């Protein structure tokens, strides 16, 4: 349950095409506090000159940018919904340490299902060796150790997933 409904950060994590952006937008529409901000990994990169790559080091640096942004928003009591891959447990541990009212939800999905949903066309070229630094192909996605809960998105409609999140977090 969310302790402080005026200042929280819900992180929807998982590999590309797991449903993070879709779920974040629906969740935003549903929450009572419409002052919340959606932080989407693809969009935030453009705020920071997009000068980081997709290798492991760059991904961790990018996570620190998300953390700084969320902490800044929390200072103004602005809740956030963060839709990012966040593939490394060491970075998620830092999130838990640095962000007040941090909630981590792992959107789990099979690679086969994510390939079907892959609008960015990441997986097919990566599986053929034509593209590098793709999470769950040549960079492993580390399953969360301490997430608040996980949801398998393969066969659940997004509206049902949002309801489950709202029920479990009490929002």
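One table, with the values for the structure above:
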{"item": "Total residues in segment 50-70, condition within 14 Å of residue 9 (Cα to Cα) and surrounded by fewer than 15 Cβ atoms within 10 Å (Cβ to Cβ)", "result": "1"}
{"item": "Verdict on residue 135 being surrounded by 15 or more Cβ atoms within 10 Å (Cβ to Cβ), closer than 17 Å to residue 20 by Cα and in contact with a strand residue (DSSP E or B) (Cβ under 7 Å, 6 or more places away or on another chain)", "result": "no"}
{"item": "Segment 85-97 residues that are touching a residue at least 24 places away in the same chain (Cβ under 8 Å) and on the phi > 0 side of the Ramachandran plot, paired with ones that are buried (at least 21 other Cβ atoms within 10 Å of the Cβ) and part of a helix (DSSP H, G or I) (beta carbon under 6 Å, 6 or more apart)", "result": "86/92"}
{"item": "Residue, surrounded by the fewest Cβ atoms within 10 Å (Cβ to Cβ), within segment 153-169, restricted to residues that are outside any loop (DSSP other than H, G, I, E, B) and touching a helix residue (DSSP H, G or I) at 6+ places or on another chain (Cβ under 9 Å)", "result": "159"}
{"item": "In segment 74-96, residue surrounded by the most Cβ atoms within 10 Å (Cβ to Cβ) [restricted to those that are assigned to a helix (DSSP H, G or I) and more than 17 Å from the chain's Cα centre (by Cα)]", "result": "74"}
{"item": "Answer from 104, 142 - the residue that is at pLDDT 95 or above and part of a loop (DSSP other than H, G, I, E, B)", "result": "142"}
{"item": "Test: residue in segment 107-129 that is assigned to a strand (DSSP E or B), in contact with a strand residue (DSSP E or B) (Cβ under 6 Å, 6 or more places away or on another chain) and at pLDDT 95 or above", "result": "yes"}
{"item": "Residues within segment 138-152 that are within 19 Å of residue 117 (Cβ to Cβ) and surrounded by fewer than 18 Cβ atoms within 10 Å (Cβ to Cβ), tallied", "result": "2"}
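The values are calculated or read from the model by the stated rules, or taken from the named source; none is laboratory data. Please read these numbers as outputs of a predicted model, since none were measured by experiment. Cβ sites come from the backbone with ideal geometry, for glycine too, and all protein chains shown count toward neighbours.
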